[in-house]
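These notes are about the structure you will find just below.
What follows is calculated from the coordinates using simple rules that are stated; it is not laboratory data. These figures come from a predicted structure and were not determined experimentally. Positions of Cβ are generated from backbone atoms using ideal geometry, with glycine treated the same way; all protein chains shown enter the neighbour counts.
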Amino acid sequence: MATTAIPAGFRALPLPITQLSLAAVLKCGQSFRWSILPLPPSERHGLDNEYRLCLRDRVVCLRQSPDALFYRSVFPPGVPGEMETREAETLAWIRDYFQLEIDLVELYRQWGTADPVFDRLQARFEGIRMLRQDPFENLISFICSSNNNISRITKMVKSLCQHYSPALVTLPHPSGPTLPEETYHPFPPPSALARSEVSAKLRSLGFGYRADFIQRTAAMLVETHGVGWDAKKLMEPSEEWLMTLRSLSTSEARAELLKFVGVGRKVADCILLMSLDKKEVIPVDTHVYQIAIKYYGLNSPSKAANMTPRLYDDVSTKLAAVWGDYAGWAHSVLFTSDLKSFASHGLSSTPPAPPLTRDSAGSSLESTSPVSTPFETPLSTMKRKRATSTKKPTVRPTAFLEVADSLSALAADESGYSLAERVKRRRRKGGISSLDTFCPASG
């Protein structure tokens, strides 16, 4: 394969797409502020989109080929500093944000060896890794996620930026002047959201009850840690304090997060996983619970069990035993693969519709999930691999034989819905009971 030429104004970081797939990672509900802009045919040359994110002092622009990540920074006029230094800072941010020091290919190999279900998925859903986000942005974003869907969360987060953070820079669309320019705003600091009038304003913008949660959480941070601005770190004292949670144990960091208004166990676990370096944490919702029962041998008193703290821990412990130290990362891959919006991801052509199958209870299941499409690795090859493995899989022996068909019932027709909306739809179809709110990172 010919090497893609470096786009004008960009720099190149050699990086195979098996280590990072922007098309997957930036669309699966971890972060909600990336602008994804299609490139004109004249500039593609194997590149489809430009990805942009506004930081406090710059806009980072990314493009990707199969073997390289291309990056550049755009600063507001009059910002001092040498371009070499600025681009070195951007590269350091990229390495940190995408956690590029972690060998994702090796993790996939380990998960595929230990888990036949994951082995079935990995050929199509490569390059999906956890982001290392700013903790305050991550906290507020997932307060917005309560009873919500990815599209609405994205609108809310961008609305916060537009109303409570000054514009940094306006950039033309990469496809040319015929498309509108976009003005970029950084994520607002805690002090901007802590004022008492913020709640009413957010309600007028459609945030509903989440408006109070956001304002009160920001106020708690400001009241406890004070107001100020570190010009070098580009953050306030409370944001610096949130960063220190990375050095605490998982249980200690979780306890601190649970003190905030609008943060329950699952939202706290999303934050632990996505911004506080707790790579083993698995946010548990109804979807995770059902998969743990069907494919990983979790014993449950009933399919309609309430999500008690003990059951939450049982599900998390069961899956962590399968996936190991990076269980939260593996969980993200599994859920991305089950999103209907990823139905054609990794496929060169649309496969024929698979037949109806039946689950262990004898119910008919229509195979429309992205997981149900054929994979490059034939089933017979997977059987041989299991037979020669020295490590005994934790998964039920028959789980991977049926996963391609029966996972589909959980994902069909649910693209972009929150958990609450999914539960209502399933109830109308004779489905499951309500367990918990939706974590976008989990689909």
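Magnitude of the Cβ-charge dipole of region 99-198, K/R +1 and D/E -1, about the Cα centre, nearest 20 debye? If you can, show how the numbers build up before the last one.
On the way: 9 positive and 11 negative charges, 66 e Å.
Roughly 320 debye, rounded to the nearest 20.
Ranking 307, 130, 83 by Cβ neighbours within 10 Å, fewest first, what do you get? Intermediate values should be presented prior to the final figure.
Numbers: 307 19, 130 23, 83 9.
Placing the least packed residue first, the sequence is 83, 307, 130.
Other residues lying with their Cβ under 14 Å from the Cβ of residue 96 contribute a combined charge of +1, Lys and Arg counting +1, Asp and Glu -1.
Compute the FRET efficiency between residue 56 and residue 313 as 1/(1 + (r/R0)^6), taking r as their Cβ-Cβ distance and R0 = 41 Å, and round to the nearest 0.05.
Working: r = 38 Å, r/R0 = 0.92.
Result of the calculation: an efficiency of 0.65.
Modelled label positions at residue 109 and residue 234, each set 7 Å beyond Cα in the direction of Cβ, lie 3.7 nm from each other. Sorting the segments 192-199, 264-271, 75-82 by their mean number of nearby beta carbons within 10 angstrom, highest to lowest, gives 264-271, 192-199, 75-82. Sequentially through region 163-178, phi angles give Karplus couplings (6.51, -1.76, 1.60; θ = phi - 60°) of 8, 10, 9, x, 5, 9, 7, 10, 10, x, 5, x, 7, x, x, 6 Hz, Gly and Pro residues having no value and appearing as x. Report the calculated FRET efficiency for residue 341 and residue 74 (r = Cβ-Cβ distance, R0 = 35 Å), to the nearest 0.05. Efficiency, rounded to the nearest 0.05: 0.75.
Peptides 147-157, 9-19, 115-125 ranked from most to least packed by the mean count of surrounding Cβ atoms within 10 Å: 115-125, 147-157, 9-19.
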